[in-house]
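Heads up, the thing below is written out as structure tokens.
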Amino acid sequence: MTAQILVVDDEPRYVRLMEANLLTEDYDVLRAYDGQKAVETVAENHPDLVLLDVMMPILDGITACERIREFSNVPIIMVTAKGEERDRVRGLDVGADDYVVKPFSATELLARVRAVLRRAESNGSASFQQPVFNHGNLKIDFTKAEVFKDEKMVYLSATEYRLLLQFAQNLGDILSSEDLLMNVWGEEYRNDKEILWVSISRLRHKLEDDPRNPQHIVTRSGLGYTMPKI
Amino acid sequence: MTENTIPSDLLNLQLIETLDEIGEIILRAKEIDSCIDQIMKSVRNIFIFDNVVLYLCQKDDHLEPKYARAIGRGRSSETDLAWGETIANDSLQKNEIIIRKEIDGDYTVNRMRLRYFIGLPLATDDEKYGSLVFVRYGGPPYLSDQTQLCEYIARNISLLLDRINLNQTVDSLKHELQLKLMQDDFVATISHELRTPLGFIKGYATTLLREDTSWDDDTRREFLNIIDEETDRLRELIDNLLDSSRLQSGTLRMEFQHMRLEEILKDVCIRAQTFHKNQEIDLEIEKPGITVQVDPARIEQVIENLLSNARKYAPDSKVKITLSQENYHAHIRVRDFGPGIAPDHLDHIFERFYRIPDQTKSTRGTGLGLFICKRIIQAHNGEIFAESIPGEGSIFHIKLSLDLSRNSDKRRTLVLMEEKL
């Protein structure tokens, strides 16, 4: 089966360059010119590979990669400019599989694409969760990082959103305070339970009909918290 | 309430009011002199003194008087007065309050010869700022609650000095940071701007060089055109960088000669329309034959830059160039009918590295073009400025002095003098 590759760059000439070369290898090519469009295209078309530029308007490549990872494990190759080592590391940290450094030669690009596709194939095909998550009257749109309660958008801070994702991505699992603190705030906060309490309380006030009798984020005494399967 | 307690209560009330006032003064103070003036005025209701001096440490650790007032007895004695410099030094060195009595001759004849000093260090845990000295002639000696009051004043002044010091440090750090950010930003922009065309050249060249595939003629031509255009862009960028740095260091040479401005403008327009067929340019010469003494290549560069900006920022708009004469000036107007420039940015667009934030991501550029234009026009003793109505377009005005000495036909060479930004 022909692999479908999404090429993302705000410079049309880069998109054209990558597209022209990929077509010679009989790949199908999808195009996007900003990060937001890239996330949406991944959600809609389930490509087999994404070539993702870092410096882009609207949504940069790093954030786009992060968003895609919230619902998909599609292989991602970051395309970065030389000298942006920090971006390469950050890209790999947020879940990119490989990177190509600009300026790159056509053959190098194609070799990387082949290698990543081969690796992905041996790991089984890319999986895509629904880009929209529903839990009762709660809805999360991973592609736009937006949360709705009874179809009305709820404003969450970045930390609150990351905390909510922990529950949505581990539906039914009990998550300990330490794990939540480490995953959302970082290693140095692992014992800072009060900060978690404040944030859980804030989330409940925003998302629950009755914050004292929560349905979405439930306390499991002595163990942690969970978002129960409905 | 007995009669005995009333005066003491009154005194306490007055003391509290004074302390409160001092706190308030310190809180609002922006600089030291007027602040101490206010404190002294406030404190004199409950504390008698004749002279007060504030000494501040200099870089070499010596004390210099920063503030001095003779308020009480002996105001007319001026410099003969005692200013307590020794006690100021002692108090700062030992970092403690020093009370000293000094007799200088027969004080029964002149009570100013009997002096009571109180020296207070102005210091915080980390920093020594100086000393505060109060002088009282002829007594009475300072009482312990008065000493405490002085200590309170000195501590508050130390806090104020600390704050002023911190503010100065913050200001200078902010300034340094801003310079550094501007530089970093410039380096990042330049490296991005240099790498982008390089990336295309490398990418499309290696695409054409691929041995495992062949390209049809149209595609090959398309790729070669891209390589060609990107090479031009790279060259233009490097030229701009060199010009900008030469203009900055004052080493850009200009070759001035008598020229008819309309000839220069016509040349630029013909060239622009050859290379950019989509750009519609309307050239209107209101007064033919205007002669100026200019470096024609540089003036062409300025007009070309304005046309290139119009292509970038007002891509679908036609450009109207008008040449007219006003008194002793030639006046060139380059007008586009694009989205215009917001007033906030209009004042800054000629600054080196300045780019309008919204456009930084969407349009390529380095923030050098208009800076170069301005410097070139300045080197001609001319003037360049812009006006714009958002939504209606922008007009760039260039005014150049008319050449009134037509008989001198000599070329002259001018090296721009270094000018600070």
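What does a probe at B:Asp216 reach in the stretch A:1-36, counting residues whose amide N is under 14 Å from the point 7 Å along Cα→Cβ?
A:24
What angle do you read, to the nearest 10 degrees and between 0 and 90, between the alpha-carbon axis of helix B:5-28 and the longest principal axis of chain B?
Taking Cα atoms only, the helix is inclined about 20 degrees.
If you build a Gaussian network model of chain A, linking Cα atoms that sit under 10 Å apart, which residue out of A:Arg119, A:Arg67, A:Arg31 swings the most?
Judging by the Gaussian network model, the answer is A:Arg119.
At 222 nm, what value in deg cm²/dmol follows for chain B if DSSP H runs of at least 4 each add -39500 (n - 2.57) and the sum is divided by all its residues, to the nearest 500? Can you show the working numbers first?
Values: 10 runs with 199 residues, N = 421.
Taken over chain B, the calculation gives -16500 deg cm²/dmol.
Just the ratio, please: alpha-carbon radius of gyration of chain A over 2.2 N^0.38 Å, N its number of residues. Can you show the working numbers first?
Values: Rg = 19.6 Å, N = 230, 2.2 N^0.38 = 17.4 Å.
Its radius of gyration relative to the 2.2 N^0.38 Å reference: 1.13.
Would you mind computing, in nm to one decimal, how far apart the modelled labels at B:Lys287 and B:Lys180 are, each placed 7 Å from Cα along Cα→Cβ?
The modelled label-to-label distance comes out at 5.4 nm.
Given a cut-off of under 8 Å on Cα pairs at least six residues apart, what relative contact order in percent is computed for chain A? Numbers along the way, then the final one.
Values: 371 pairs, mean separation 30.4, N = 230.
About 13 percent, as a whole number.
Ordered by packing density, taken as the mean number of other Cβ atoms within 10 Å over each peptide's residues, highest first, how do B:233-239, A:159-165 rank?
My ranking of the peptides, most packed first, is A:159-165, B:233-239.
How far is helix A:106-122 tilted off the main Cα axis of chain A, in degrees rounded to 10, range 0 to 90?
With rounding to tens, the tilt is 50 degrees.
Would you compute, from DSSP H runs of 4+ residues alone, the mean residue ellipticity of chain A at 222 nm, taking -39500 (n - 2.57) per run and dividing by the full residue count, rounded to the nearest 500?
-12500 deg cm²/dmol
Summing +1 for each Lys or Arg and -1 for each Asp or Glu, what net charge is found among the other residues whose Cβ lies under 9 Å from the Cβ of B:Glu102?
Working: positive: B:Arg100, B:Lys101, B:Arg113, B:Arg115; negative: B:Asp104.
Once positives and negatives cancel, what remains is +3.
Within 10 Å of each Cβ in A:106-114, how many Cβ atoms from other chains are there, averaged over the peptide?
Whole-number average of other-chain Cβ neighbours for A:106-114 is 3.
Got a sec? Which residues in the stretch A:146-176 would a label at A:Lys206 touch, if it sits 7 Å along Cα→Cβ and we count backbone N under 12 Å?
A:146-149, A:153-165
Between B:Glu85 and B:Asn225, what is the spin-label point distance in nm, taking each point 7 Å from the Cα along the Cα→C-beta axis?
With each label point 7 Å from Cα toward Cβ, the separation is 8.4 nm.
Which whole-number value in Å² is the accessible area per residue of the stretch B:114-214, probe 1.4 Å? Each step should come with its number before you reach the end.
Details: 5340 Å² over 101 residues.
Counting only protein heavy atoms, the per-residue value for the stretch B:114-214 is 53 Å².
Between A:Val101 and A:Asp173, what is 0.36 nm times their sequence separation minus the Cα-Cα distance? Round to one decimal in nm. Working shown, then result.
Details: separation 72, 0.36 × 72 = 25.92 nm, distance 3.97 nm.
Taking A:Val101 through A:Asp173 to full extension adds about 22.0 nm, to one decimal.
Across peptide B:189-196, what mean number of C-beta atoms from other chains lies inside 10 Å of a residue's C-beta?
3
Going 7 Å from the Cα of A:Arg69 toward and past its Cβ, which residues in the stretch A:168-203 have a backbone nitrogen under 13 Å from where you end up?
Answer for the stretch A:168-203: A:183-184.
Which of A:Met153, A:Met78, A:Met18 moves the most in a Gaussian network model of chain A with Cα springs under 10 Å?
A:Met153
Ignoring ligands, DNA and RNA, what percent of the accessible area of chain B is carbon or sulfur (1.4 Å)?
With neighbouring chains kept in place, the figure for chain B is 50 percent.
What is the sum of charges, Lys and Arg at +1 and Asp and Glu at -1, for the other residues whose Cβ falls under 11 Å from the Cβ of A:Thr24?
Local charge sum for A:Thr24: -3.
Given axes a ≥ b ≥ c from the Cα gyration tensor, I'd like to know whether chain B is rounded (a/c under 1.5), prolate (a/b larger than b/c) or oblate. It would help to have the intermediate numbers written out before the result.
Values: a/c = 3.53, a/b = 2.69, b/c = 1.31.
Note, shape of chain B comes out prolate.
7 Å from Cα along Cα→Cβ at both A:Asn123 and B:Arg271: what's the point-to-point distance in nm?
Roughly 5.4 nm, to one decimal.
For the protein assembly as shown, what is the percent of antiparallel DSSP beta bridges, rounded to the nearest 5?
So the antiparallel bridges amount to about 75 percent of the total.
Measure nothing fancy, just the Cα-based angle from helix A:193-207's long axis to the longest principal axis of chain A, in degrees from 0 to 90, nearest 10.
With rounding to tens, the tilt is 90 degrees.
I'd like the FRET efficiency for A:Met1 and B:Ser324, computed as 1/(1 + (r/R0)^6) with the beta carbon distance as r and R0 of 51 Å, rounded to 0.05.
Taking R0 as 51 Å, the efficiency between A:Met1 and B:Ser324 is 0.15.
Please compute how much accessible surface disappears when A pairs with B, both sides summed, using a 1.4 Å probe, and round it to the nearest 100 Å².
So the buried area, both faces added, is about 1800 Å².
The values are calculated or read from the model by the stated rules, or taken from the named source; none is laboratory data. Since this is a predicted model, take the numbers as computed values, not measurements. When we count neighbours, we look across all protein chains shown, and the Cβ atoms used for this are built from the backbone with ideal geometry, even at glycine. Heads up: the accessible areas ignore ligands, DNA and RNA and are worked out on the full protein's heavy atoms, side chains in. Shrake-Rupley method; radii C 1.70, N 1.55, O 1.52, S 1.80 Å.
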